[in-house]
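Remarks on the structure that follows.
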Amino acid sequence: MLADFAAFQVACKQFQPGDTIVLQNGVWENADLQIFCMASAQKPLVIKAATPGQVIITGASALSIGGSYVQVSGLVFKQCYKAGKPVIRFRTDQKQLANHCRVTECVVDDCNPADRLQESNWIALFGRNNQFDHNRILNKKNLGTTLIVELNDTANQQNKHLIAYNYFGPRAKGGSNGAETIRIGTSTFSRTSSQTLVENNFFDRCNGEVEIISVKSCDNKLSGNTFYECEGGLVLRHGNRNLIESNVFIGNQKPYTGGVRVINAGHVIRNNQFIGLAGFRFRSALTILNGVPNSPINRYDQVKNVSITDNLFVDCANIEFCAGKDFERTARPEQVTLKNNLIIGKQPIQLTINDKTDGFFPADNYCNFQPAAALSNFFKYQSINRQWDNGKEYVAIGDKRIAISSGISRELVGTSWVYSIRPTITRRGSRISVVPGKNTIAAAIKTAGINDTLVLQHGATYFVSEGSAVKQPMAVISSGKSILQYTGEQSIHFFQIENGGSLYLKGLICDGLSPNGIASSFVSAGMQPMIDKYQFKAEDCEFKQLTDGRKHAFLSGKGSFADSIVFRNCIFYDITGDVVNIAAEKDDVGRYNAEKVIFENCLFQKILQGAIHIYRGGNDESTTGPTVTINRCTFLQSSNTDLGYAVRLYGVQSSTIQNSIFYNSGRAGRAVWIEDFGWTKHLVDRCLLFESGTIQHFYPGVVGKNILRINPLANWALGKFTLPILQRYGTNGQAIGSTQNFIQ
Ligand code: CA
């Protein structure tokens, strides 16, 4: 029995084959456990917790195993992060790899750095014949694949690792590539053989990015796994001859849930079930890609000699063939056998075909509805019944009956001992009245608790000269309207959302112009690194007078990531920088700062630069956001600098701009500037543009048919436009433009 890390440090030099080393229960902080031993199958080295689940490894800790036949079990790695090291690594250094080693019955939970952009893998398999099984993986938040199999050295190839019966817990959207749950290989070594077996694992809402599993090597087998409500799929990204068998994908009609995506040659995909998957394009139930002719190793090899048989599709939305076809991916699939596959659905599945399908060879594929023209070349109508028998659902065709799977039982995966997670108690915040005065809001925020609501007095003025760090979810609201008047000299952010914070504002009139200076912004998020995501919402607020240089009403910092940012019934007036700037992520690798951004019934008036600027650089296809909605907004006398823009959406994946008015805005450039990619979805429709710039975009279909270019008749005394058609021109006959009156 080893009492602590100091004892371990002494003992580990003497570890012998056949030893059983017991770690004493307790918290092991800053324990960089390195275990090297050349043990044998007959005499393994066993390292285990005195009681499984009672040894908690935390702080700057990690586990590295080298040698052979070392077995580790029962440890909990909790909030354990050592820079530059995976939490669990199957080698002690470059030379000393692990072979025939095993990690089992362990938990890895919340082992994140403070910065979500600080990339790390949690589990790294090197060497050969290693086993990672019955583990529980929870709360990965930073960039980097959760578990990787490395093939970067011949001693790591043909490795025959086994990854089995693990529970991979929910992983939130990463907002970037590099948020896979498992990756086997890299593109560089993708044409070498790995022979990894990924079997009977449970992937629970692993939503990091489009690839839940990214296979980048040859001769792997992935079977018996369950993908439960995962916003992505199992992707044969690089490498050949992989077997995908008897897996179950359960989407429950959640958006973006996907199945298998096929690239490269020689794969077999059989006996899988795809159930209730709602994803489209690269997240379809089955996606077969076009390749690049003579592809570089890091792009897309052509699909060839792929066999897809005996699969069942139940209530799925989409299948796509020749997906990703563009001016680079022009090599269409060859020798694709599609045989004995069944599609059943309450709705017909949508088959999208982007190129010639002369390389597909269908036989005996059936669906339970009259197939549309495209699908009918592959699937024939046949009566297929769904029946319930003894609490189980079956699909019956002819004399064949197939049970619809509910996936591997959760009882069978993860640790056999119970890992109890204390349930997060959501504190019901209190309402706290804040008296008017100088920095009384800042003082109240300092002492506020989680989910507290600070209530300001209607009609009162609050003087602000210092900024407030928002480190927990909270609200600042007025009982009617309250004024936040800047009085400082140094540039500050009124509210600075930091890690753990989220903010709701209501009824505030924020004025950034002091006799002695001008505030930097009203709200900023992520000026320092963050690991957690945040939410922001402002309703019935006015943001005005940031009148010098690059000032922003809302500014998001590099590395920050919002689930949602919402502005509703707000007025932005007399601001010189981009009013809402969600554009700090400039590395052009597909990262971005907010998943969902909504503007509803807002007025932008007298803005010098852009009103709305959202940026996601690079042509990465791994993520779903940002999604932007601009509805019933008015842009007035704004953004008229040379080559300027009122709205700029760069690389946004999906947007709608509707029921909005651009009046004397973006005149010397663009009213709306959308940098669209072939696959992104945008619509500008039911809008009026008068004495305003162009709607600039690249692909067709962005601008709808209903764009008015007439004088909306501004009545300044009334503070609104008076052209009658505006009252009914919007979608569903509603009015267009914001209901906020112009500022006089
Ligand atoms: Ca990826």
### Unmet criterion (only one of (1) on the phi > 0 side of the Ramachandran plot; (2) over 28 Å from the mean Cα position of the chain (by Cα)) for A460
(1)
### Task
Search region 218-251 for residues being outside any strand (DSSP E or B) and acidic (D, E), and hand back the single one that is farthest from the ligand (Cβ to nearest atom).
D219
### Query
Which residue pairs have Cβ atoms under 6 Å apart, sit 6 or more places apart or on different chains, and have a first residue in region 209-220 that is under 13 Å from L197 (Cβ atoms) and among the charged types (D, E, K, R) and a second that is more than 10 Å from the ligand (Cβ to nearest atom) and not in a loop (DSSP other than H, G, I, E, B)?
D219/S193
### Task
Spot the failing condition for G174; the list is (1) within 15 Å of the ligand (Cβ to nearest atom); (2) part of a strand (DSSP E or B), and only one is missed.
(2)
### Message
Out of the residues in region 674-705 meeting the condition of being assigned to a loop (DSSP other than H, G, I, E, B) and in contact with a helix residue (DSSP H, G or I) (Cβ under 9 Å, 6 or more places away or on another chain), tell me which one is surrounded by the fewest Cβ atoms within 10 Å (Cβ to Cβ).
### Response
W679
### Query
Which condition breaks for T257 when tested against (1) assigned to a loop (DSSP other than H, G, I, E, B); (2) more than 20 Å from the chain's Cα centre (by Cα); (3) away from the ligand (no atom under 16 Å from the Cβ)?
(2)
### Query
Of the residues in region 179-191, how many are surrounded by fewer than 22 Cβ atoms within 10 Å (Cβ to Cβ) and within 13 Å of the ligand (Cβ to nearest atom)?
2
### Task
Taking the residues in region 269-303 that are without any contact (Cβ under 8 Å) to a residue 40 or more places away in the chain and out of contact with any Cys (no Cβ under 9 Å at 6 or more places or on another chain) as candidates, determine which candidate is farthest from V336 (Cα to Cα).
P296
### Query
Failed condition for T656, given (1) touching a Lys or Arg at 6+ places or on another chain (Cβ under 8 Å); (2) outside any loop (DSSP other than H, G, I, E, B); (3) polar (S, T, N, Q), with all others met?
(1)
### Query
When you scan region 140-171, how many residues do you find that are out of contact with any Leu (no Cβ under 6 Å at 6 or more places or on another chain), more than 16 Å from the ligand (Cβ to nearest atom), of a type in the set (A, V, I, L, M) and within 24 Å of Y419 (Cα to Cα)?
2
### Task
Take S430 and decide whether it is within 34 Å of the chain's Cα centre (by Cα), surrounded by fewer than 18 Cβ atoms within 10 Å (Cβ to Cβ) and within 30 Å of I275 (Cβ to Cβ).
no
### Message
Among the residues of region 711-721, what is the count of those that are more than 42 Å from the chain's Cα centre (by Cα) and under 19 Å from Q658 (Cα atoms)?
### Response
1
### Summary
In region 724-744, anything buried (at least 20 other Cβ atoms within 10 Å of the Cβ) and either aliphatic (A, V, I, L, M) or within 34 Å of the chain's Cα centre (by Cα) (or both) is listed as L726, G730, I736, G737, S738
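Checking the structure you have, find out if any residue of region 546-565 is assigned to a strand (DSSP E or B) and either within 16 Å of the ligand (Cβ to nearest atom) or among the basic types (K, R) (or both).
The answer is no, given that none of the residues of region 546-565 is assigned to a strand (DSSP E or B) and either within 16 Å of the ligand (Cβ to nearest atom) or among the basic types (K, R) (or both).
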### Query
Just for region 208-217: of the residues that are in contact with a strand residue (DSSP E or B) (Cβ under 6 Å, 6 or more places away or on another chain) and within 14 Å of the ligand (Cβ to nearest atom), which one is nearest to G175 (Cα to Cα)?
G208
### Summary
Selection over region 347-406 where residues are closer than 18 Å to L289 by Cα and assigned to a loop (DSSP other than H, G, I, E, B) yields a count of 7
### Message
I need the full set of residues from region 9-67 which are among the β-branched types (V, I, T) and exposed (fewer than 14 other Cβ atoms within 10 Å of the Cβ), in order please.
### Response
V10, T20, T51
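State which residue is nearest to the ligand (Cβ to nearest atom) when the search covers only region 192-206 and only residues that are part of a loop (DSSP other than H, G, I, E, B) and surrounded by fewer than 24 Cβ atoms within 10 Å (Cβ to Cβ).
So, considering only residues that are part of a loop (DSSP other than H, G, I, E, B) and surrounded by fewer than 24 Cβ atoms within 10 Å (Cβ to Cβ), the one nearest to the ligand (Cβ to nearest atom) is R205.
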### Message
Just to be sure I understand the filter: pairs with C-beta atoms under 8 Å, separated by 6 or more residues or on different chains, first member in region 170-188 and over 23 Å from L151 (Cβ atoms) and in contact (Cβ under 8 Å) with a residue 60 or more places away in the chain, second member more than 11 Å from the ligand (Cβ to nearest atom) and acidic (D, E). Which pairs pass?
### Response
K173/E231; K173/E595; G175/E595
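Laboratory data are not the source of any read-out in this text; all were calculated from the coordinates shown. Nothing here was measured: the structure is a model prediction, and the numbers come from that model. A quick note on method: Cβ atoms are made from the backbone with ideal geometry, for glycine too, and the neighbour counts reach across all protein chains shown.
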